[in-house]
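I have placed the structure first, in the form of structure tokens, so that the comments after it can refer back to it.
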Amino acid sequence: MQKSKLIIWLEFIPFAVLLPLIFLIPYSAGLMMGRQLGNLLYFLMPNYRKIARVNLRIAFGQGLKDGDAAASIKSAFGNALQTFFEFIRLSRMNRKQVIRYTLPPKGYDDYQAAVAKGRGVIAVSFHLGNWYWPVICAAMEGYKVNVIVRPLDNPLLDRLMNHAFERWGIHVIPRGRSAAASLAALRRGETLALMVDTNAQVDGRFAPFFGVPASTLQGLIRFRRGTGAEVMAVHSLRQGSQHKVHMEWLRSLPQDDDAALLAVHHYYEAIIRDHKSDYFWLHPRWKRRPPGESDLYPGLKV
């Protein structure tokens, strides 16, 4: 249901007041505040804490110690706030400032070679570290980058989010109306950034993630099939106040659709096992179930 104008403005005004204050906070202090507020939200948002605990149990079984699970969940809260802070700051940062907080990327040569093929590049990613940082870096280097983003239900806030991308030359494609624009971008040899690890409520394809079927968006397999585009796995990991961007050309990704999604899941599972405190465990990744399977989040708001 569409929000009324009153609700839209009541949501927007506090954010508009907060926005100038965010720019006054020193960068390192903002990141530290994000970590501390994440620890607080761990206690103030029990529903998300419980969702994250279910997710960690699915991924790592009963062997994960309670202390390790709590640390990963607090980190997920903190990382989300840090990413929000950085995304706002990116709307005014310049190239020199971005470079200051970016370590030399791994696999950049791979990305350049994939782009040079001329068939377009599908950059698949998971919610690790700051998931916006790699696309900003690519656009900053002059590459034509498109991102598929779910529109916010507040048009004023949605406009602000889109501006943060567009000032770097990144083209925003709204999810739900993305097929034609995405195919056209790839056929022009551009880069299309996709987040793979969100629960697909509609038109999802079940693929095992940590061995449990997860409803997965089909953009990767459909856009690849329609264009022959190269596929890059991309993510960013925090190292203090800096970011290490990782890129790998998935040259041997299977042609079979199910096998391709499984291969991407396996690729990121290995990274998440090594960096579980960097992953966004707060999202109900396994919400939609195959027919006949029971809810994995009973009693929780998901």
I'd like the full set of residues that are surrounded by 18 or more Cβ atoms within 10 Å (Cβ to Cβ) and not basic (Lys, Arg), limited to the stretch 64-79. Ala69, Ser72, Ile73, Ser75, Ala76, Phe77, Gly78, Asn79
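For Val135, state whether it is more than 19 Å from Thr102 (Cα to Cα), in contact with a strand residue (DSSP E or B) (Cβ under 6 Å, 6 or more places away or on another chain) and either buried (at least 18 other Cβ atoms within 10 Å of the Cβ) or aliphatic (A, V, I, L, M) (or both). Break it down stepwise before answering.
On the way: more than 19 Å from Thr102 (Cα to Cα): no; in contact with a strand residue (DSSP E or B) (Cβ under 6 Å, 6 or more places away or on another chain): yes; either buried (at least 18 other Cβ atoms within 10 Å of the Cβ) or aliphatic (A, V, I, L, M) (or both): yes.
For Val135, the condition - more than 19 Å from Thr102 (Cα to Cα), in contact with a strand residue (DSSP E or B) (Cβ under 6 Å, 6 or more places away or on another chain) and either buried (at least 18 other Cβ atoms within 10 Å of the Cβ) or aliphatic (A, V, I, L, M) (or both) - is not met.
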For the stretch 80-101, state whether one or more residues are open to solvent by less than 40 Å² (accessible area, probe 1.4 Å), touching a strand residue (DSSP E or B) at 6+ places or on another chain (Cβ under 6 Å) and at pLDDT 95 or above. yes
Can you name every residue in the stretch 276-300 that is part of a helix (DSSP H, G or I) and either of a type in the set (Lys, Arg) or open to solvent by 50 Å² or more (accessible area, probe 1.4 Å) (or both)? Lys276
Quick one: count up the residues across the stretch 42-59 that are over 19 Å from Asn199 (Cα atoms) and surrounded by fewer than 20 Cβ atoms within 10 Å (Cβ to Cβ). 4
Spans of helices (runs of 4 or more DSSP H) in the stretch 172-275 with at least 3 residues under 30 Å from Ser28 (Cα atoms): 257-274
Residue pairs, Cβ under 6 Å, 6 or more apart or interchain, first in the stretch 55-74 and over 16 Å from Met45 (Cα atoms) and in contact (Cβ under 8 Å) with a residue 12 or more places away in the chain, second in a helix (DSSP H, G or I) and open to solvent by less than 30 Å² (accessible area, probe 1.4 Å). List them. Leu56/Ala69
Just to be sure I understand the filter: pairs with C-beta atoms under 8 Å, separated by 6 or more residues or on different chains, first member in the stretch 94-105 and touching a residue at least 40 places away in the same chain (Cβ under 8 Å), second member exposed (fewer than 14 other Cβ atoms within 10 Å of the Cβ) and outside any helix (DSSP H, G or I). Which pairs pass? Tyr101/Gln242; Thr102/Gln242; Leu103/Gln239; Leu103/Gln242
Test: His275 is touching a residue at least 24 places away in the same chain (Cβ under 8 Å), more than 30 Å from Arg119 (Cα to Cα) and out of contact with any helix residue (DSSP H, G or I) (no Cβ under 6 Å at 6 or more places or on another chain): yes
All helices (runs of 4 or more DSSP H) inside the stretch 10-106 with 1 or more residues being within 27 Å of Asp153 (Cα to Cα): 27-44, 46-60, 66-90
Which pairs do you get when a residue that is open to solvent by 20 Å² or more (accessible area, probe 1.4 Å), found in the stretch 181-198, comes within reach of a residue that is in a helix (DSSP H, G or I) and at pLDDT 95 or above, reach meaning Cβ atoms under 6 angstrom, with the pair 6+ apart or on two chains? Arg187/Thr227
Would you mind finding the one in Ser252, Ser277, Ser236 that is of a type in the set (Ser, Thr, Tyr) and either touching a Phe, Trp or Tyr at 6+ places or on another chain (Cβ under 9 Å) or on the phi > 0 side of the Ramachandran plot (or both)? Ser236
Residue pairs within 8 Å by beta carbon, gap of at least six or interchain, first lying in the stretch 226-244 and under 19 Å from Arg89 (Cβ atoms), second of a type in the set (Gly, Ala, Ser) and in a helix (DSSP H, G or I), listed first then second, are Ser241/Ser28
So, Phe210, is that one open to solvent by 10 Å² or more (accessible area, probe 1.4 Å), closer than 30 Å to Gln242 by Cβ and either touching a residue at least 60 places away in the same chain (Cβ under 8 Å) or touching a Lys or Arg at 6+ places or on another chain (Cβ under 8 Å) (or both) or not? yes
For a quick check of your reading of the model, give me the residue pairs whose first member lies in the stretch 9-35 and is among the acidic types (Asp, Glu), whose second is surrounded by 14 or more Cβ atoms within 10 Å (Cβ to Cβ) and modelled with pLDDT under 90, with beta-carbon atoms closer than 6 Å and at least 6 apart or on different chains. Glu11/Asn154
Within the stretch 145-169, can you find the residues that are surrounded by fewer than 18 Cβ atoms within 10 Å (Cβ to Cβ) and assigned to a loop (DSSP other than H, G, I, E, B)? Arg150, Pro151, Leu152, Asp153, Arg167, Gly169
Confirm whether Ala113 is assigned to a helix (DSSP H, G or I) and surrounded by 19 or more Cβ atoms within 10 Å (Cβ to Cβ). no
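The values are calculated or read from the model by the stated rules, or taken from the named source; none is laboratory data. Remember, it's a predicted structure, so these values are computed and weren't measured experimentally. Glycine also receives a Cβ, built like all others from the backbone with ideal geometry; neighbour counts cover every protein chain displayed. For the accessible areas, the whole protein counts, side chains as well, though only heavy atoms, and no ligand, DNA or RNA atoms are used. Shrake-Rupley method; radii C 1.70, N 1.55, O 1.52, S 1.80 Å.
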